[in-house]
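Enquirer: Mind having a look at this structure? Questions to follow.
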Amino acid sequence: MKTAVITGASRGIGYACALKLAGMGYNIAVNCHKNSCLLDKLEEETRKYNIKCLKHTGNIGIYDNASCFFKSIEDKLGMPDVLINNAGISYIGLLQDMAPEEWNYIIQVNLTSVFNCSKLVIPMMLRRKSGKIINISSVWGCTGASAEVAYSATKGGVNAFTKALAKELAPSNIQVNAIACGIIDTEMNSSFSEEEIEAIKEEIPACRLGTTCEVAGLACQLAESSSYLTGQVIKLDGGWS
């Protein structure tokens with residue numbers, strides 16, 4: 001039985017990815033920063049699939065926390081086949097108003113966590129000479145967004161990280177790809193008013209927001225995709241960008 005690791009799995013895209021992979025027969029190792037009760041709910045939902053669910057709570061942008069998580073995965077589930085780096089937060093505001101502590105925190109959660117988890121999973125994947133690393137990114141990492149400079153910078157970093165690591169790992173049959181999401185209907189976008197959401201929809205050729213299930217569906221396709229597909233940042237944005 002295969003094993004998938006999903007970070008930021010307590011809600012939104014991560015939760016949807018975990019449910020989808022469990023339904024495909026994967027054992028899952030799921031992480032969240034604080035909301036352990038939501039991971040309990042996820043575990044309850046996956047029981048019908050007769051798979052194992054390993055839960056971990058903590059900031060995986062801190063290396064020691066991530067290391068403990070992956071040690072537990074190796075001990076209890078074996079070597080992961082898939083890693084979905086989904087943990088992320090947003091920051092909306094002018095850069096000049098952003099405190100250095102806020103900058104450091106979003107870098108830690110959105111970008112350093114990707115480094116930590118990838119660094120820890122690579123030796124396990126190298127042992128079996130196979131694996132999929134899937135990074136959940138954003139179209140803002142491709143184009144940049146006013147009042148979201150820090151968020152755009154982290155996702156731009158994730159995109160460049162994806163392309164470079166894919167080249168590094170391709171000879172070892174490990175594929176690295178990213179999904180650059182447009183506006184997805186998640187709690188992260190709850191700060192937008194109804195009027196702002198309607199205005200955004202008018203800019204999107206598909207005339208709607210994306211769903212977490214659509215992102216999860218693409219992530220699962222990448223988890224099962226050809227070994228020749230690597231180093232790609234795939235936009236999932238309804239034709240927006």
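Enquirer: Just report the Cα centroid separation between the range 58-114 and the range 176-204, whole Å.
Expert: Distance between centres, Cα-based: 22 Å.
Enquirer: Which whole-number percent gives the relative contact order of the chain, counting Cα pairs below 8 Å spaced six or more residues apart?
Expert: 19 percent
Enquirer: Between the range 27-45 and the range 212-241, how many Å separate their Cα centres?
Expert: About 23 Å separates the Cα centre of the range 27-45 from the one of the range 212-241.
Enquirer: Taking square-rooted eigenvalues a ≥ b ≥ c of the alpha carbon gyration tensor, is the range 94-241 rounded, prolate or oblate, where a/c under 1.5 means rounded and, failing that, a/b exceeding b/c means prolate? Spell out each step's value before the answer.
Expert: Details: a/c = 2.47, a/b = 1.44, b/c = 1.72.
Oblate is the answer for the range 94-241, as a/c is 1.5 or above yet b/c matches or exceeds a/b.
Enquirer: From the Cα gyration tensor of the range 139-184, with a ≥ b ≥ c the square roots of its eigenvalues, which class applies: rounded if a/c is under 1.5, or else prolate if a/b is larger than b/c, or else oblate?
Expert: Prolate.
Enquirer: Here is a follow-up. Please give the helix 113-128 orientation as an angle from the longest Cα principal axis of the chain, in degrees from 0 to 90, rounded to the nearest 10.
Expert: 30 degrees
Enquirer: OK, next. With the chain treated as a Gaussian network of Cα nodes joined by springs under 10 Å, which of 11, 127, 208 yields the largest mean-square fluctuation?
Expert: Answer for the Gaussian network model of the chain: 127.
Enquirer: If r is the Cβ-Cβ distance from residue 211 to residue 62 and R0 is 35 Å, what FRET efficiency results, to the nearest 0.05?
Expert: 0.65
Enquirer: When the chain is modelled as a GNM with alpha-carbon springs shorter than 10 Å, which of 105, 26, 15 fluctuates the most?
Expert: Result: 105 has the largest fluctuation of those listed.
Enquirer: Within 12 Å, Cβ to Cβ, of residue 174, how many net charges do the neighbouring residues add up to if Lys/Arg are +1 and Asp/Glu are -1?
Expert: Local net charge: +3.
Enquirer: In the chain, carbon and sulfur make up what percent of the accessible area (probe 1.4 Å)?
Expert: On the way: 5850 of 11160 Å².
Exposed carbon and sulfur together represent 52 percent of the surface.
Enquirer: Using a cut-off of 9 Å between beta-carbons, work out the net charge of the residues near residue 32 (Lys and Arg +1, Asp and Glu -1, residue 32 not included).
Expert: Combined, the nearby Lys, Arg, Asp and Glu give +3.
Enquirer: If I model a spin label as a point 7 Å beyond the Cα along the Cα-Cβ vector, how far apart are those points for residue 201 and residue 76 in nm?
Expert: So the label points at residue 201 and residue 76 sit 4.1 nm apart.
Enquirer: Moving on. Give, in nm to one decimal, the length gained when the segment between residue 241 and residue 170 is fully stretched (0.36 nm per residue of separation minus the Cα-Cα distance). Spell out each step's value before the answer.
Expert: Numbers: separation 71, 0.36 × 71 = 25.56 nm, distance 2.83 nm.
Contour length minus Cα-Cα distance gives 22.7 nm.
Enquirer: Please compute the modelled spin-label separation between residue 127 and residue 163, points set 7 Å along Cα→Cβ, answer in nm with one decimal.
Expert: 3.3 nm
Enquirer: Rounded, prolate or oblate: pick one for the range 71-112, where a ≥ b ≥ c are the square roots of the eigenvalues of its C-alpha gyration tensor, a/c under 1.5 means rounded, and failing that, prolate if a/b is larger than b/c, else oblate. Display every interim value, and only then the final one.
Expert: On the way: a/c = 5.57, a/b = 3.24, b/c = 1.72.
Prolate.
Enquirer: Okay, moving on. How much net charge surrounds residue 216 when only other residues with a Cβ under 14 Å from its Cβ are counted (Lys, Arg +1; Asp, Glu -1)?
Expert: -2
Enquirer: While we're here: Can you give the relative contact order of the range 126-203 as a percent, counting alpha carbon pairs under 8 Å and 6+ residues apart?
Expert: Once divided by the residue count of the range 126-203, the mean separation gives 37 percent.
Enquirer: Can you give the helix-only mean residue ellipticity at 222 nm for the chain, where every DSSP H stretch with n ≥ 4 adds -39500 (n - 2.57) and the sum goes over all residues, rounded to the nearest 500 deg cm²/dmol?
Expert: Working: 9 runs with 108 residues, N = 241.
Counting only the DSSP helices, I get -14000 deg cm²/dmol.
Enquirer: Pairing the Cα long axis of helix 36-46 with the longest principal axis of the chain, what angle in degrees results, from 0 to 90 and rounded to the nearest 10?
Expert: Roughly 60 degrees, rounded to the nearest 10.
The values are calculated or read from the model by the stated rules, or taken from the named source; none is laboratory data. Nothing here was measured: the structure is a model prediction, and the numbers come from that model. Don't worry about glycine lacking a Cβ; one is built from the backbone with ideal geometry, like all the others, and counts go over all protein chains shown. When the accessible area is computed, the model is the full protein with side chains, heavy atoms only, and any ligands, DNA or RNA have been set aside. Shrake-Rupley method; radii C 1.70, N 1.55, O 1.52, S 1.80 Å.
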